[in-house]
Amino acid sequence: MNLHAHLKWRSVGYKLFVLYFVSISISIMIMGYLSYNKANDIIRSKVSQVALQTVQQADRRLDLLMNEYANRSLLVFGYKEIQKGILGEYRESYEQTYNNQQISKFLSNLVNVKNDTLNIYIFGEGSSSYRYNSNGFAELPPASKDDQEQEWYKQIIAANGQVVWYGIRPPFPTKFNTTGDKPVFCLGRAIKNLDSKNEIIGVLLMEFDPEPIQTFLSEVNIHTNSSTLIVDRNNTVVADAAGSGLMQPSGLKLPAEAHGVITSMLNGKETMAVYASTEMTDWKLVGMAPIKDLIRDSSEIEYYTLYLVIGFTVVAIVFALIVAKQMHRPVSTLLRSMRRARDGDFDVQIAEARSDEFGMLYHSFNMMVTRIKSLIDEVYIQKLLKKETQLKMMASQINAHFLYNTLDSIHWISRIYKVDEISTMIFGLSKYLRISLSEGKDFVTVAECVELLESYLSIQKVRYQDKFTVNMTVEPEILHFQVLKFVFQPLVENAIYHGLENKRGEGRLDIRFRSDGHILHFEVEDDGVGIEPGKLAELVEVLGSDEAAGEHHFALKNIQTQIKLAYGKEYGLRIDSKPEAGTKVTLTIPLR
């Protein structure tokens, strides 16, 4: 992979494209997933509500059917001739025959009202029992001990006259059974003596054709491929449409609530079960359907959501490419210009006008390149000036030697002719020039500065004679430190020309070099004419500003500028003065 391709894959545009594409795609996928799940939940909720309403309506129909069966059993329960026959309250045999005929006629009419009654068993615990089925009416012996020991018999007795519902099941094994093992819908009820309400005199067992209930269950359809069944309090199947799961566990764990919806795993499938309790029994009517079939309609939403995700992902790719291109183009423009500047072309300028952050970058780049070019030109010019200065210094050094020799000759001639004033001034001037030039160096030691001031003062003493006295004090420990060369003598010169020259009588000039840690305080104090407050304020303002000074304050402003450029803005001059009392100028610089 070459460098260009490597940079292309690592470019900001490519990273922006990946960032936009990934973020938008993930957002679309999450929204699609959440939307599909939400739609799926809504469909399941709606289907569950509709299914529950269907089961509740069917439950009311089931209660009507159970109530009809219960009413039939109640007719048998309250028929006096049956009670009379069970108790054997006959005065003669003819009365027994007549009573049996009445019972047969009653049971026949009861059965013929609806043709769904298969067997009616009346187990009397007195003198007789009765049976009515398709073979007709028969009077039978009373219930034997074996019959009374049967579990179902005990359950009916324990119900104390209430209906005991057994659901669809094989017939109970009794000696009266003549229908075989074909499943029947069965209920039982204890028969009480109407003259003595708490005395149980027998048991009624009624078996009905299960087809009406099975047909009813098959008609309860909550959804395609659904099934409906009836379970007891132990969740055992007591009735279903096909009769395949009778008396078997349903596999459900229904809550104690009267109605509701649950989800359970049956035969490896997630199944929704809606249930409602019946009023006549302790049973629950249950409708079941696989969840997959219930939400089959949501598959269209799934495919639609998938298509939307794919479509929006394509849109996201296009959008990411556009955004990445828009973001990468100004970066490329800036990068090309920076490469040109790197290669030395400082005339490069980005002409594209933008009002965003890239526009600010372009403007800053243009200013930076312009500034760099200006600085390069300045450095180049400075180099040229430095070379010119070096050449002039070499020439001045040659001229200085000639000047030193000439002044030395004048000095010795003046001594020969005993002109001491001229000799002193020439010697001081020669020494002052030698120190001032100092091979072109800008920094000299404090000791050299002191010697420079002494040479200058020796010249001024010849001129002014006894006009003023000079007191110079220097701390010996600072003599070796380096300081600027030309900032001390002008302060002494100002004190003489502006302070002492116009003073009447003899003046005093105090010069002090003192240190405060690593700070040098150079103080020049005179007792001359001083400075007027207005002029002093003007002078202080000039020294504190960054503007160039006029000709009246040029020397002090020049010194102030040199100090701040060499040492920093926290150093410089301070002037204290009172009219006719004198002036004190303090120069503060660091010792190095």
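The values are calculated or read from the model by the stated rules, or taken from the named source; none is laboratory data. This structure is a prediction, so every number in the text was calculated from the model and none was measured. Here the Cβ is made from the backbone with ideal geometry for all residues, glycine too, and neighbour counts use every protein chain on show. In case anyone asks, the SASA skips ligands and DNA or RNA and just uses the protein heavy atoms, side chains included. Shrake-Rupley method; radii C 1.70, N 1.55, O 1.52, S 1.80 Å.
Overview of values
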item: List R514, R189, R336, ordered by accessible area with a 1.4 Å probe, largest first; result: R336, R514, R189
item: The range 248-358: mean projected area of Cα convex hull, nm²; result: 15.6
item: Those GluC sites (Glu not before Pro) in the range 79-113 that DSSP places in a loop and that have at most 10 other beta carbons within 10 Å; result: E92
item: Length added when fully stretched, A158-Q562, from 0.36 nm per residue minus Cα-Cα; result: 133.1 nm
item: Heavy-atom SASA rank of K467, K535 (probe 1.4 Å, accessible area, largest first); result: K535, K467
item: Area of L140 that stays accessible when all protein chains are in place (1.4 Å probe, Å², to 10); result: 30
item: Subset of K145/K192; K461/K584; K105/K154; K38/K284 violating a 27 Å alpha-carbon distance limit; result: K105/K154; K38/K284
item: Per-residue ³J(HN,Hα) for the range 281-287, Karplus 6.51 cos²θ - 1.76 cosθ + 1.60, θ = phi - 60°, Hz, x for Gly and Pro; result: 10, 9, 8, 10, 8, 10, x
item: Relative counts (whole %) of C-alpha pair distances in the range 86-189, using bins that are 5 Å wide; result: 2, 11, 19, 24, 22, 14, 6, 2, 0
item: Signed unit charges on C-beta, dipole axis of the range 181-314, positive-most listed residue S227, T215, S196; result: S196
item: Accessible area, probe 1.4 Å, largest first, for residues V309, V261, V314; result: V314, V261, V309
item: Solvent-accessible area of E451 with every protein chain in place, 1.4 Å probe, in Å² to the nearest 10; result: 60
item: Table column - 3J(HN,Hα) (Hz), the range 580-592, Karplus curve with 6.51, -1.76, 1.60, x for Gly and Pro; result: 6, 10, x, 9, 10, 10, 10, 9, 10, 9, x, 8, 10
item: Residue-level accessible surface for H498, protein heavy atoms, 1.4 Å, Å²; result: 130
item: Amide H within-cut-off set for L140, under 5 Å, with H built and near neighbours excluded; result: S129, Y130, R131
item: Residues K569 and S332, FRET efficiency given R0 of 41 Å [Cβ-Cβ distance, rounded to 0.05]; result: 0.40
item: Backbone HN-Hα couplings from phi across the range 454-464 [Karplus 6.51/-1.76/1.60, Hz, Gly and Pro as x]; result: 5, 5, 5, 5, 5, 5, 5, 5, 5, 6, 9
item: Accessible-area composition of the range 476-549, carbon plus sulfur, in percent [1.4 Å probe]; result: 50
item: Added length on full extension, which subtracts the Cα-Cα distance from 0.36 nm per residue, L479 to R504; result: 5.5 nm
item: Interchain or long-range residues, amide H under 5 Å from G572's placed H; result: T588
item: FRET efficiency estimate (nearest 0.05) - Cβ-Cβ, K292 to A242, R0 25 angstrom; result: 0.75
item: Inter-label distance, nm, simple model (7 Å from Cα along the C-beta direction), F443/I519; result: 2.0
